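Single-structure report; data block below.
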């Protein structure tokens, strides 16, 4: 009987310490936070950038919590050398949630498409909240961050310049406005 009780306590302790989820947490005062969430299971890794800054990588069923200054930002996702963009005008003290979904291309390969999450829908709670509640966001090692920024610097600079010059006007990218924030 004591063995069963001890085993039960160990299991409960293990479960409570391995659940690192924190839900959707507010940013520091005056800042904005954006959650990039990848719910799909697959082999492709998605790399995220904001200008020359490497934000992190998303694998299967993973997410990144990125806190930044309020205001206008342009984000880029890379799967291989295939890129997509998101422009966001973020309000201070607000939380934004974006799904990063892999879409198969006709010529082969995949592109990571940004999709603004409609937080008013009931399915939001069943689809996105469990991931944030059950696991911690992807960790970003500073050494890896610097290495990725150096490795991709020329590519990201050219990609952002081309986006600003030609692609942005075509409106084929995802746009988030200040009023599209997450409401608890």
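Filtered by the rule that a residue be under 20 Å from residue 92 (Cβ atoms) and surrounded by 18 or more Cβ atoms within 10 Å (Cβ to Cβ), region 65-78 gives 65, 66, 73, 75. Do we have any residue at all in region 45-52 that's over 25 Å from residue 169 (Cα atoms), in contact with a strand residue (DSSP E or B) (Cβ under 9 Å, 6 or more places away or on another chain) and modelled with pLDDT under 95? Yes; the residues of region 45-52 include at least one that is over 25 Å from residue 169 (Cα atoms), in contact with a strand residue (DSSP E or B) (Cβ under 9 Å, 6 or more places away or on another chain) and modelled with pLDDT under 95.
Yes/no matrix, rows are residues, columns are (1) within 22 Å of residue 52 (Cα to Cα); (2) modelled with pLDDT of 90 or more; (3) in contact with a strand residue (DSSP E or B) (Cβ under 8 Å, 6 or more places away or on another chain):
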residue: 100; (1), (2), (3): yes, yes, yes
residue: 136; (1), (2), (3): no, no, no
residue: 142; (1), (2), (3): yes, yes, no
residue: 163; (1), (2), (3): yes, yes, yes
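The values are calculated or read from the model by the stated rules, or taken from the named source; none is laboratory data. As the structure is a computational prediction, the values presented were derived from the model and not from experiment. We place every Cβ from the backbone using ideal geometry, glycine too, and count neighbours over all the protein chains shown.
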